[in-house]
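Beneath this line is the structure, given in structure tokens, with notes to follow.
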Amino acid sequence: MVLVTGGASGLGLGMATAMAAHGAAVVLACRRPEIGEPAAAVLREAGHDVRCVRCDVTSADDIGASVEATVAAHGRLDCMVHNAIAPTGGPTRIQDVSQDHWDAMVATTIRATFDGARAAHPHLRDSGGSMILMTSAAGMEGSTQLPVYAMVKAAQRTLAKGLAAEWGADSIRVNCIAPVADTAAMQRAYMENPDLRERLLERTPLGRIGNPLDDVGPVAVFLASDMARFITGQTLCVDGGGFLGL
Amino acid sequence: MADGTRTLLVGDGPLADGLHDGLLDRGHLVAQVVPVRTDDGTDVGTGIGTGIGLIGRPELVVHVPTVPARAVALIDQSTQQWVEACEAPMAEAFAVVRACRAYLSDRARLVWVVPTVAMGGAAGFVGFAAAAEGIRALAKSTARQWGPDGLTTAVLAVAPELVLPAESGAGALVPTLAGPALGRSGDAFGDIAPLLDLLADPSARFMTGTTLVADGGVWMAP
């Protein structure tokens with residue numbers, strides 16, 4: 001039983017679909033059910049057990065309700081993937097960052113992880129489950145263009161390590177994925193930053209941008225599975241070798 | 001080495017005070033700014049303006065982020081405790097960068113002093129360790145953005161014992177099979193302040209965005 005925030009599209013839907021294809025019952029937690037419900041319906045038509053719940057991750061109540069809805073549906077929670085994040089916007093000078101942008105980045109990443117962790121912990125403890133957070137190479141190497149995004153993604157990575165240390169005794173694993181994949185959000189980033197795609201490709205040994213379902217999804221499946229039962233506090237870069245600094 | 005260096009030091013507590021004394025001892029002209037916590041967050045801008053008024057345009061800015069009072073497991077924290085432990089130190093660091101930008105002298109350097117748990121995480125200090133890693137990313141992004149203007153950044157990662165509350169058992173926060181290679185965790189006055197002095201020196205100007213680990217030889221990765 002898996003809960004994926006930001007599960008209606010992009011990376012979240014890719015990971016959710018991959019997990020469903022491997023037999024998981026999946027709940028797509030999304031801010032806009034008008035997008036999440038059709039996505040869930042498509043997966044159900046394909047024979048998967050997928051439902052959608054409305055969840056604005058800036059609301060602790062929404063996150064708690066999503067966790068409880070997931071457990072109510074199947075009696076357990078095996079994995080929570082916190083993938084949702086506010087739009088990153090275009091390149092921003094540090095001195096020009098707005099308070100609204102700062103607040104949105106913090107609320108949807110580290111605060112939502114805090115709220116999600118507290119809500120999910122008792123259920124993950126019961127199942128011996130895991131939590132997956134999304135980070136980015138930007139958090140490891142800094143970003144000229146998205147300094148706040150880099151900060152919160154870096155924080156997410158160490159947050160996973162700290163949670164791994166605190167939750168190990170409960171047999172709960174916490175790991176990160178640092179992906180690069182073509183999504184609608186990435187398309188917007190390309191529009192705001194026209195040379196981004198070329199720069200990414202230039203530094204990627206495998207010579208292409210990843211796919212949310214076929215490239216990132218299997219890694220989420222692996223981390224959530226028993227095959228990764230001795231892996232915790234780690235970051236897996238799923239980016240075709242674009243970031244080799246770890 | 002950097003006699004008369006105009007240094008703005010933002011932070012309070014034993015580590016910041018030790019750095020203040022150590023930098024004075026090495027000939028720096030130091031203005032120490034204590035962040036003011038308000039209901040709306042942390043105000044550093046007013047203090048930074050006052051400090052710069054005292055010493056002139058800083059050549060070295062050092063920020064020692066505010067540390068939570070005690071270790072608390074994440075699931076036992078209130079939202080307010082979380083904000084104080086994680087979000088506030090990050091916001092404080094960001095505010096320091098922004099408040100200083102207009103006043104930095106040519107070739108100025110910004111340095112953050114954080115515990116090595118930034119890189120490894122820490123039970124009991126999950127939020128603060130995460131904030132410290134966020135601050136390391138800020139140092140890198142700032143280096144990338146402002147490097148063309150001649151400005152540089154760095155992070156000094158020090159032993160947790162120098163940063164976190166003594167009663168927290170900070171020495172056990174970095175899992176290791178052995179103690180510090182040098183047999184001690186260091187002190188702000190004699191071990192860390194000289195490194196700030198080094199970073200302020202023009203001879204170090206080609207180093208930016210990086211983290212120097214000064215914990216007596218515990219954290220040796222990568």
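Scanning region B:155-177 for any residue that is surrounded by 24 or more Cβ atoms within 10 Å (Cβ to Cβ), in contact with an Asp or Glu (Cβ under 7 Å, 6 or more places away or on another chain) and not in a strand (DSSP E or B) turns up at least one such residue.
Might you check whether a residue that is in contact (Cβ under 8 Å) with a residue 40 or more places away in the chain, of a type in the set (K, R) and buried (at least 24 other Cβ atoms within 10 Å of the Cβ) occurs anywhere in region B:132-146? Yes: region B:132-146 contains one or more residues that are in contact (Cβ under 8 Å) with a residue 40 or more places away in the chain, of a type in the set (K, R) and buried (at least 24 other Cβ atoms within 10 Å of the Cβ). Checked against the criteria, B:A118 does not count as facing chain A (nearest Cβ under 7 Å), in contact with a helix residue (DSSP H, G or I) (Cβ under 7 Å, 6 or more places away or on another chain) and in a loop (DSSP other than H, G, I, E, B). Within region B:12-34, the residues that satisfy the criterion of being assigned to a loop (DSSP other than H, G, I, E, B) and either touching a residue at least 60 places away in the same chain (Cβ under 8 Å) or touching a helix residue (DSSP H, G or I) at 6+ places or on another chain (Cβ under 6 Å) (or both) are B:R26, B:H28. When B:R109 is tested against (1) over 19 Å from B:A137 (Cα atoms); (2) surrounded by 20 or more Cβ atoms within 10 Å (Cβ to Cβ); (3) among the charged types (D, E, K, R), exactly one condition is not met: (1). Taking the criterion of being touching a residue at least 60 places away in the same chain (Cβ under 8 Å) and within 7 Å of another protein chain (Cβ to nearest Cβ), the only residue of region B:121-131 that qualifies is B:A131. The requirement of being assigned to a helix (DSSP H, G or I), among the small types (G, A, S) and closer than 27 Å to A:A8 by Cα is not satisfied by A:A169. Filtered by the rule that a residue be of a type outside the set (A, V, I, L, M), in contact with an Asp or Glu (Cβ under 8 Å, 6 or more places away or on another chain) and more than 7 Å from every other protein chain (Cβ to nearest Cβ), region A:149-180 gives a lone residue, A:P179. Residues in region B:31-43 that are in contact with a strand residue (DSSP E or B) (Cβ under 6 Å, 6 or more places away or on another chain) and either buried (at least 23 other Cβ atoms within 10 Å of the Cβ) or modelled with pLDDT under 95 (or both): B:V33, B:P35, B:V36, B:D43.
Residues checked against (1) free of Cβ contacts under 8 Å to residues at least 24 places away in the same chain; (2) small (G, A, S); (3) within 21 Å of A:V216 (Cβ to Cβ); (4) touching a Cys at 6+ places or on another chain (Cβ under 7 Å):
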| residue | (1), (2), (3), (4) |
| --- | --- |
| A:T5 | no, no, yes, yes |
| A:G36 | no, yes, yes, yes |
| A:V71 | no, no, no, no |
| A:R76 | no, no, no, no |
| A:M80 | no, no, yes, no |
| A:D100 | yes, no, no, no |
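Could we say that B:I48 is without any contact (Cβ under 8 Å) to a residue 24 or more places away in the chain and either of a type in the set (S, T, N, Q) or within 30 Å of A:T108 (Cβ to Cβ) (or both) here? The answer is no for B:I48. If you go through region B:60-86 and keep only what is within 12 Å of chain A (Cβ to nearest Cβ) and closer than 21 Å to A:A164 by Cβ, you end up with B:A71, B:V72, B:A73, B:L74, B:I75, B:D76, B:Q77, B:Q81, B:W82, B:A85, B:C86.
For region B:67-115, the set of residues classified as in a loop (DSSP other than H, G, I, E, B), closer than 18 Å to B:G209 by Cβ and at pLDDT below 95 consists of B:L104, B:R107, listed by residue number.
Which residues, counting only those in region B:170-191, are touching a helix residue (DSSP H, G or I) at 6+ places or on another chain (Cβ under 9 Å) and either closer than 16 Å to B:V117 by Cβ or of a type in the set (S, T, N, Q) (or both)? Across region B:170-191, the qualifying residues are B:A170, B:G171, B:A172, B:L173, B:V174, B:P175, B:S185, B:G186.
The values are calculated or read from the model by the stated rules, or taken from the named source; none is laboratory data. The structure displayed is predicted, hence computed values, not measured ones. Please note: Cβ atoms are built from the backbone with ideal geometry, for glycine as well, and neighbour counts cover all protein chains shown.
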